[in-house]
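Data block below; observations after.
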Amino acid sequence: MIGRSRGLLAACGLSISLAVLAACSTSPPSRFYTLSMETPSSAAQFPGSVSVGPVTVPQVVNRPQFVVDAGGNRVVVLEQRRWAAPLDDVIAEATAQYLGRDLGGARVTVFAQTASSSAQFDVALDVQRFEMIEGSAAVLDVVWTIKRRGASAPPVVGHSSMREPVAAADDPYEALAAAQARALVAVSREIAAGLVQVSSQ
């Protein structure tokens, strides 16, 4: 009887292990997202080069996974929906891309890149809110600072707050990322206007 019980336990253990492996093998693959999208270039020429960064983000969203507002003071961390890089880097790269287009193809680099050391203007972003509300909207609230290198004048500080509705889509999370990208496009346009103003002073 003891030998038979041990055999049954071993068989059960094997079955459980196989079931766990089967469950792992059928889990959906992770999907990765950025905040980059196509935007038209401005015809105006900006007389200077720009460095974007550093970028700070709220701690609650400072992770690889999407953090979605599910309502009722509840957020959900989605393991299979992830940013393609750390969120602060994703925001910096997309902002540099949008500013380059908004400033007529001006040289815009990211703070961490060695090429940014020769930039004439620094743009820092302090993201106050980065919310993705499931089935509703993306909310982006940013305090940005423009500083001309080597100038004694105080930096210019601006505040942009955007809310973009989520478009209908087969993938609701892709729609959320797209809405957040549109919000960042709008923020970048306000930063670009600030850069033009600072460069003319």
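For Thr145, indicate whether it is of a type in the set (S, T, N, Q), surrounded by 15 or more Cβ atoms within 10 Å (Cβ to Cβ) and more than 22 Å from Asn62 (Cβ to Cβ). It would help to see each step written out before you state the result.
Numbers: of a type in the set (S, T, N, Q): yes; surrounded by 15 or more Cβ atoms within 10 Å (Cβ to Cβ): yes; more than 22 Å from Asn62 (Cβ to Cβ): no.
Criteria not met by Thr145.
Yes or no: Ala137 surrounded by 15 or more Cβ atoms within 10 Å (Cβ to Cβ), in contact with a strand residue (DSSP E or B) (Cβ under 6 Å, 6 or more places away or on another chain) and hydrophobic (A, V, I, L, M, F, W, C)?
yes
Answer with yes or no whether Ala183 is of a type in the set (Gly, Ala, Ser), touching a strand residue (DSSP E or B) at 6+ places or on another chain (Cβ under 8 Å), surrounded by 15 or more Cβ atoms within 10 Å (Cβ to Cβ) and modelled with pLDDT under 95.
So Ala183 does not fit the description; no.
Search the range 44-81 for residues being of a type in the set (Lys, Arg) and loosely packed, with under 15 Cβ neighbours inside 10 Å, and hand back the single one that is modelled with the lowest pLDDT.
Step one: filter the range 44-81 for residues of a type in the set (Lys, Arg), giving 63, 74, 81.
Filter once more, so that each one left must be loosely packed, with under 15 Cβ neighbours inside 10 Å: 63, 74.
Details: Arg63: 95, Arg74: 88.
Per the stated criteria, the residue is Arg74.
Out of the residues in the range 18-43 meeting the condition of being modelled with pLDDT of 85 or more, of a type in the set (A, V, I, L, M, F, W, C) and not in a strand (DSSP E or B), tell me which one is nearest to Gln80 (Cα to Cα).
Only one residue fits best here, namely Leu35.
Out of Ala151, Ala192, I need the residue that is surrounded by 17 or more Cβ atoms within 10 Å (Cβ to Cβ), out of contact with any Lys or Arg (no Cβ under 6 Å at 6 or more places or on another chain) and either of a type outside the set (Phe, Trp, Tyr) or without any contact (Cβ under 8 Å) to a residue 60 or more places away in the chain (or both). Which one?
From the options Ala151, Ala192, the qualifying one is Ala192.
Among the residues of the range 154-180, which ones are of a type in the set (S, T, N, Q), buried (at least 19 other Cβ atoms within 10 Å of the Cβ) and more than 14 Å from the chain's Cα centre (by Cα)?
Listed by number, the list holds a single entry, Ser160.
Of the residues in the range 87-111, how many are under 17 Å from Arg182 (Cα atoms) and hydroxyl-bearing (Ser, Thr, Tyr)?
2
Determine whether Ala84 is modelled with pLDDT under 80 and either surrounded by 10 or more Cβ atoms within 10 Å (Cβ to Cβ) or within 28 Å of Ala183 (Cβ to Cβ) (or both).
It is false that Ala84 is modelled with pLDDT under 80 and either surrounded by 10 or more Cβ atoms within 10 Å (Cβ to Cβ) or within 28 Å of Ala183 (Cβ to Cβ) (or both).
Please work out if Ser15 is surrounded by 14 or more Cβ atoms within 10 Å (Cβ to Cβ) and either modelled with pLDDT under 50 or under 30 Å from Arg107 (Cβ atoms) (or both). Lay out the reasoning, then the answer.
Numbers: surrounded by 14 or more Cβ atoms within 10 Å (Cβ to Cβ): no; either modelled with pLDDT under 50 or under 30 Å from Arg107 (Cβ atoms) (or both): yes.
Spelling it out, it is not the case that Ser15 is surrounded by 14 or more Cβ atoms within 10 Å (Cβ to Cβ) and either modelled with pLDDT under 50 or under 30 Å from Arg107 (Cβ atoms) (or both).
Just for the range 25-43: of the residues that are among the hydrophobic types (A, V, I, L, M, F, W, C) and closer than 30 Å to Ser118 by Cα, which one is surrounded by the most Cβ atoms within 10 Å (Cβ to Cβ)?
Among residues in the range 25-43 that are among the hydrophobic types (A, V, I, L, M, F, W, C) and closer than 30 Å to Ser118 by Cα, the one surrounded by the most Cβ atoms within 10 Å (Cβ to Cβ) is Leu35.
The values are calculated or read from the model by the stated rules, or taken from the named source; none is laboratory data. As the structure is a prediction and not an experimental result, all values here were calculated from the model. Neighbour counts are summed over all protein chains in view; Cβ atoms, including those assigned to glycine, are modelled from backbone coordinates with ideal geometry.
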